[in-house]
């Protein structure tokens, strides 16, 4: 079983819509959770991190964590074409960061 | 502030050749990491250094060695390159081992 699982997509949403990206993790001992965005040919850049159950909002982005279900999600409101990228979920366990394979998001103008 | 820098940006090697990938950060971070990224596999940790003077294996350390030269610099060495090591290599750093990691621009390595 993989440490972190994501649907590879592609996920296509129209401009202005809400994009919902999901991630599950296998180890209940996981301590912190991160969402990175990666444009094609570029390096990952941090969007958000979340440590506690519930929601965390930052501008158009909301991260949601449910430790009981071992589930992390990222909502992008008012999606823009510039949001088109691969979104990586990462989970920190025992000082190691484990990444999912990413979900490719396309926002259609 | 340059953040995390990596050299070279791109390299072609023949099987059996050796090379060192360089990484430096100017954010006064304690922890540094080396990842490789392959299609369909995601980012995988090769080695990390929690603090100056320490290094530890990650998920895929075979075929690699690392050196934490000082607080700023963390190098990755391939002693005898193999085609399976063709990948994009990212260096990252963080304030401490469980904090947010910031990535360098990457090195694309092709082993023929």
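Testing the spin-label approximation: label points 7 Å from Cα along Cα→Cβ at residue A:26 and residue A:7. State their distance in nm.
2.1
With 10 Å bins from zero, work out the P(r) of chain B over every alpha carbon pair and list the percent per bin.
Spelled out per bin, shortest first, that is 16, 51, 28, 4.
Between residue B:2 and residue B:96, what length in nm is gained on full extension when 0.36 nm per residue of separation is reduced by their alpha carbon distance?
Numbers: separation 94, 0.36 × 94 = 33.84 nm, distance 1.91 nm.
Using 0.36 nm per residue and subtracting the Cα-Cα distance, I get 31.9 nm.
For region A:1-108, just the Cα atoms, rotate onto the principal axes and tell me the three extents in Å, largest first.
The Cα atoms of region A:1-108 stretch 38, 28, 21 Å along the principal axes, largest first.
Taking the Cβ-Cβ separation of residue B:67 and residue B:9 as r and a Förster radius of 22 Å, what is the calculated FRET efficiency to the nearest 0.05?
Values: r = 21 Å, r/R0 = 0.94.
According to the calculation, E is roughly 0.60.
What value in Å³ per residue do you get for the convex hull of the alpha-carbon atoms in region A:48-88?
Values: hull volume 3.0 nm³, N = 41.
Cα convex hull per residue, to the nearest whole number: 74 Å³.
How many angstrom lie between the Cα centre of region B:1-19 and the Cα centre of region A:52-83?
Cα centroid to Cα centroid, the span is 35 Å.
Read-outs throughout are calculated quantities, based only on the coordinates presented, and are distinct from any laboratory measurement. The structure presented is a predicted model; accordingly, all values stated were derived computationally and were not measured. Cβ: placed from backbone, ideal geometry, glycine included. Neighbour counts: every protein chain shown.
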